[in-house]
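A.B. asks: Questions regarding the structure given below will be posed in turn.
The values are calculated or read from the model by the stated rules, or taken from the named source; none is laboratory data. None of the values given here were measured: they were computed from a predicted structure. Here the Cβ positions follow ideal geometry from the backbone for every residue, glycine too, while neighbour counts run over all protein chains shown.
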């Protein structure tokens, strides 16, 4: 997983990069806010970001706000890293859109655990977005009949959108996934094939050939 590191202090930036590489991530390092925002909006942008609070250009919270204003199915996971430790500061950072907050000087093991949490969240978001896309694609193929269907009162053909008349079974097959098999209902059997019924009901005599 690629992780953005936005830190203007060179030593701190190199330390974060080294830690991420040791933990199996691919860091993308920048040293100011505008570059951080551009990197997170670029094609194939990192799915996670470690942002310093105070940087040249945009601050960490300002980047959070800008990214949260971007509508997307898979929002990035953002961790603010800062020396601000007041509760009021933490609230500002979280309300700006940060997912987590790490106070300097941070413990590497704690940071590794928090990054791992972010990785799990990103993975869950990706799975959810994929399932939503699959569901949306499936719904495109679902065809339903609705509204008023003009049907002839005599032959029972349906008037199509092209103002032609089509057999009802053909029309339904074209607009749904239903398939038809043909049979004869009892009423039609009496109406059209009464001779067959009479033959079945006629008792046989001794002279009849079996």
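A.B. asks: Specify which of the listed residues (122, 115) is modelled with pLDDT of 95 or more and either under 23 Å from residue 8 (Cβ atoms) or within 21 Å of the chain's Cα centre (by Cα) (or both).
C.D. replies: Checking each option against the conditions leaves just 115.
A.B. asks: Right, here's the next one. So if I check each of 134, 74, which one is farther than 24 Å from residue 19 by Cβ and touching a residue at least 40 places away in the same chain (Cβ under 8 Å)?
C.D. replies: Only one candidate passes the filter, namely 74.
A.B. asks: If you check 187, 169, 163, 206, which single one turns out to be assigned to a loop (DSSP other than H, G, I, E, B), modelled with pLDDT of 75 or more, out of contact with any helix residue (DSSP H, G or I) (no Cβ under 9 Å at 6 or more places or on another chain) and farther than 30 Å from residue 79 by Cα?
C.D. replies: 163
A.B. asks: Quick one: which residue in 96, 113, 42 is closer than 15 Å to residue 6 by Cβ and without any contact (Cβ under 8 Å) to a residue 12 or more places away in the chain? Steps first, answer last, please.
C.D. replies: Values: 96 fails: without any contact (Cβ under 8 Å) to a residue 12 or more places away in the chain; 113 fails: closer than 15 Å to residue 6 by Cβ.
Residue meeting the stated conditions: 42.
A.B. asks: I'm trying to understand the selection: among the residues of segment 24-33, which are more than 26 Å from the chain's Cα centre (by Cα) and surrounded by 15 or more Cβ atoms within 10 Å (Cβ to Cβ)?
C.D. replies: 27, 28, 29, 30, 31, 32, 33, listed by residue number.
A.B. asks: Still on this structure, I have one more. Scan segment 78-95 for residues that are farther than 23 Å from residue 127 by Cα and part of a strand (DSSP E or B) and jot them down.
C.D. replies: 80, 81, 82
A.B. asks: Please specify each residue of segment 42-77 satisfying the condition of being out of contact with any strand residue (DSSP E or B) (no Cβ under 8 Å at 6 or more places or on another chain) and over 21 Å from residue 127 (Cα atoms).
C.D. replies: Listed by number, the residues that qualify are 42, 56, 57, 58, 59, 62, 65, 66, 69.
A.B. asks: Tell me which of these residue 178 doesn't satisfy, since it passes every other one: (1) at pLDDT 75 or above; (2) out of contact with any strand residue (DSSP E or B) (no Cβ under 7 Å at 6 or more places or on another chain).
C.D. replies: Against the list (1) at pLDDT 75 or above; (2) out of contact with any strand residue (DSSP E or B) (no Cβ under 7 Å at 6 or more places or on another chain), residue 178 comes up short only on (1).
A.B. asks: Considering each of 108, 61, 76 in turn, give the residue that is under 30 Å from residue 135 (Cβ atoms) and surrounded by 12 or more Cβ atoms within 10 Å (Cβ to Cβ).
C.D. replies: On the way: 108 fails: under 30 Å from residue 135 (Cβ atoms); 61 fails: under 30 Å from residue 135 (Cβ atoms).
Answer to the selection: 76.
A.B. asks: Moving to a separate point now. Would you mind finding the one in 20, 37, 16 that is over 32 Å from the mean Cα position of the chain (by Cα), assigned to a helix (DSSP H, G or I), buried (at least 19 other Cβ atoms within 10 Å of the Cβ) and at pLDDT 95 or above?
C.D. replies: Values: 20 fails: over 32 Å from the mean Cα position of the chain (by Cα); 37 fails: over 32 Å from the mean Cα position of the chain (by Cα).
Exactly one residue qualifies, and that residue is 16.
A.B. asks: Which condition does residue 81 not pass, out of (1) surrounded by 22 or more Cβ atoms within 10 Å (Cβ to Cβ); (2) closer than 19 Å to residue 8 by Cβ; (3) touching a helix residue (DSSP H, G or I) at 6+ places or on another chain (Cβ under 7 Å), if it passes all the others?
C.D. replies: Tallying (1) surrounded by 22 or more Cβ atoms within 10 Å (Cβ to Cβ); (2) closer than 19 Å to residue 8 by Cβ; (3) touching a helix residue (DSSP H, G or I) at 6+ places or on another chain (Cβ under 7 Å), residue 81 fails exactly one: (3).
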